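The values are calculated or read from the model by the stated rules, or taken from the named source; none is laboratory data. Computed from a predicted model, the values in this text were never measured in an experiment. Using ideal geometry, Cβ is built from the backbone for each residue, glycine included, and neighbour counts are taken over all protein chains shown.
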Amino acid sequence: MDIGIVGLNVIFFREIEIGLYSAIAIYLMGKMIDIVFEGIYFTKLLFIISDKNEEIAKKIGEKVKRGTTGIFGKGMYTGEDKLVLLCAVTRRDIERVKMEARRIDPKSFIIITNSREVVGLGFKKV
């Protein structure tokens, strides 16, 4: 929809600058809305399910400088007991954690979810 608005601005006003300014304004407004609704300390939680949890946790600690927590779970489809890694990260770290996990185990299953606030070492202080 935003692309349509920017495109119509360029067509109607016949000036590319207006389209560029519109695109910049839409981007900045989106970022401001994210900050208002999500807050400055908005983080993500990654749940990583893999048979190579030890190696993935070690690499995340070394390369991304984030800790992981192992949570015991049971795969209801397979009936197997699994260790699920839980890792809280900033938005900047998401791709690095995914890349490390997928590099070690291409079959790893990764769930990324929003977290309103994380308090503790490496995150917001109380």
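Per-structure values
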{"item": "Condition check for Met29: in a helix (DSSP H, G or I) and under 30 Å from Leu8 (Cα atoms)", "result": "yes"}
{"item": "Meets criteria (outside any strand (DSSP E or B), small (Gly, Ala, Ser) and touching a residue at least 24 places away in the same chain (Cβ under 8 Å)) for Ala23", "result": "no"}
{"item": "In the range 83-92, the residues that are outside any loop (DSSP other than H, G, I, E, B) and modelled with pLDDT under 90", "result": "Arg91, Arg92"}
{"item": "Residue check for Gly73: modelled with pLDDT of 90 or more and either within 27 Å of Asp2 (Cα to Cα) or of a type in the set (Gly, Ala, Ser) (or both)", "result": "yes"}
{"item": "Tally, over the range 35-69, of residues that are under 15 Å from Ile111 (Cβ atoms), of a type outside the set (A, V, I, L, M) and surrounded by 13 or more Cβ atoms within 10 Å (Cβ to Cβ)", "result": "6"}
{"item": "Test: residue in the range 103-112 that is touching a strand residue (DSSP E or B) at 6+ places or on another chain (Cβ under 8 Å) and part of a helix (DSSP H, G or I)", "result": "no"}
{"item": "Among the candidates Val97, Val89, Val118, residue that is in contact with a Cys (Cβ under 8 Å, 6 or more places away or on another chain) and more than 30 Å from Asn9 (Cα to Cα)", "result": "Val97"}
{"item": "Some residue of the range 76-94 being over 30 Å from Lys31 (Cα atoms), surrounded by fewer than 13 Cβ atoms within 10 Å (Cβ to Cβ), assigned by TED's automatic domain parsing to the domain that holds Ala57 and touching an Asp or Glu at 6+ places or on another chain (Cβ under 9 Å)", "result": "no"}
